[in-house]
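Report on the structure given below.
Nothing in this text is a laboratory measurement; each read-out follows from the coordinates by a stated rule. Everything numeric in this text was worked out from a predicted model, so none of it was measured. Neighbour counts run over all protein chains shown; Cβ positions are idealised from the backbone, glycine included.
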Amino acid sequence: MAKCIDRGVFSLEVPVGIEGYASVVGDKEGKGPLGDCFDKVIEDSHFGMETWEKAESRFLFEAVRTAVKKTGFSPDDIGAVCAGDLINQCTGSTYGLREMGIPFLGIYGACSTMAEGILLTSLMIASGALRRAAAATSSHFSTAERQFRFPLSYGGQRTPTSQWTCTASGAVILSENAAVCSISGGCIGRITDMDVNDINNMGSAMAPAAAETIRRYLAATGTSPEDYDCIVTGDLGAVGSTLVKELLKNEGYDISAQHLDCGVMIFDSDEQDVNCGGSGCGCSASVLCGYFLPKLESGELHNILFAATGALMSPMTLQQGETIPAISHLVHLVSRA
């Protein structure tokens, strides 16, 4: 059962287990510092498909299929999957998972979708509604550029504060059984809006949301940054990572020793021309499944907070002159080792 600690903050009296996980990334991500961590590196960004959008669906399908296979189960053993992406109406997830036959809940949290999916599935398992579930998400550089910025053929210049949308997908299989690691609690994010309207500076838009969510969880649980091995943010990039530490320090929480950001970790910004780092739903999902969960499984890490971050704008709202609202959902992960 889940226990409400504070508004939007909960603990799980019996932790929900993660039985399996998988990460599938593109060639650029595979050539980054974490390249050896991922289950599969697909050199062809089209993944053998006709369009970028179909390719993204294939990345998601492959991540879920691999995660399920690693547990020794089949898709028929999965009670539901929560999945979403950045393409309009989350069609990357819908088309990617339609042939698997798993009961489907489409969700949207932009780049925070992985944490949102884990929160929702863990709560459903804790309630007894499901015995086993999956959470997954994906992104693709070319689908995101086409939808949110410029067609690739336009050849537009990228600003210094911009980030590179990852071609990647991650999936986790959760259950009521003891597993490789567990979810012991979480925090549902609040929408924040700091009047940022530059789509090429999403780190600044999302950092306040991450700071607010991390602060709320630490305050509600009575814990401090020193109680955790790592406090991981989704894809704030170099600018947002600096800002989130400053914001929390002003609130009395110094996370500089524990903080890691998936957007900073996935690329070598000096060698790979990604400016401030990586972004996209698949960024934090693939780093979680490729880097952090294996370290929790091995016992190298014991106690981490995973706070994925998302910018909740759309092309239409930006064209209408709106600012960028952001959100961050947090999952508390603990090792069994």
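Mind pulling the per residue volume of the convex hull built on the Cα atoms of the range 228-321? Å³ is fine. Can you show the working numbers first?
Details: hull volume 11.5 nm³, N = 94.
Dividing the Cα hull volume of the range 228-321 by its residues yields 122 Å³.
Multiplying the sequence separation of residue 300 and residue 14 by 0.36 nm and subtracting their Cα-Cα distance, what value in nm do you get?
On the way: separation 286, 0.36 × 286 = 102.96 nm, distance 2.27 nm.
This chain segment gains 100.7 nm when fully extended.
First obtain the Kirkwood hydrodynamic radius of the range 8-86 from its Cα pairs, then insert it into the Stokes-Einstein equation at 37 °C and 0.692 mPa s, and state the resulting D in µm² per second as a whole number.
225 µm²/s
Sorting 21, 108, 291 on the 10 Å Cβ count, fewest up front, what's the list?
108, 291, 21
Which are the unpartnered cysteines of the chain, meaning those with no other cysteine Cβ under 4.7 Å from their Cβ?
Flagged as lacking a Cys partner: 4, 37, 82, 90, 111, 181, 187, 230, 262, 276, 281, 289.
What are the residues whose amide H is under 5 Å from the amide H of residue 42, where those residues sit 5 or more places off or on another chain and H is modelled from the backbone?
25, 26, 27
What Kirkwood Rh does the range 185-224 have if only Cα atoms enter the pairwise 1/r average? Answer in Å.
Across the range 185-224, the inverse of the average 1/r is 11.2 Å.
For 164, 52, what's the fewest-to-most ordering of other Cβ within 10 Å of each Cβ?
52, 164
For the range 173-309, rounded, prolate or oblate, judged on the Cα gyration tensor with a ≥ b ≥ c (square roots of eigenvalues), a/c < 1.5 rounded, else prolate if a/b > b/c?
Note, shape of the range 173-309 comes out oblate.
Starting with the fewest neighbours, write out 262, 187 ranked by other beta-carbon atoms found within 10 Å of each beta-carbon.
In order of increasing Cβ crowding within 10 Å: 187, 262.
If R₀ is 22 angstrom, what is the calculated FRET efficiency for the pair residue 257 and residue 219, using the beta carbon separation as r and rounding to 0.05?
The computed FRET efficiency comes out at 0.70.
What is the Å³ per residue value for the convex hull set by the Cα atoms of the range 8-175? Walk me through the numbers on the way to the answer.
Values: hull volume 22.6 nm³, N = 168.
It is 134 Å³ per residue.
Using only the Cα atoms of the chain, what do you get for the radius of gyration and for Dmax, in Å?
Spelled out, the Cα radius of gyration and Dmax of the chain are 18.1, 53 Å.
Which of rounded, prolate or oblate describes the range 49-117 when judged by the alpha-carbon gyration tensor and an a/c cut-off of 1.5? Don't jump to the answer; show the numbers that get you there.
Numbers: a/c = 1.84, a/b = 1.28, b/c = 1.43.
In terms of gyration-tensor shape, oblate.
With springs only between Cα atoms under 10 Å, which of 116, 53, 271 fluctuates most in a Gaussian network model of the chain?
Fluctuation is largest for 271.
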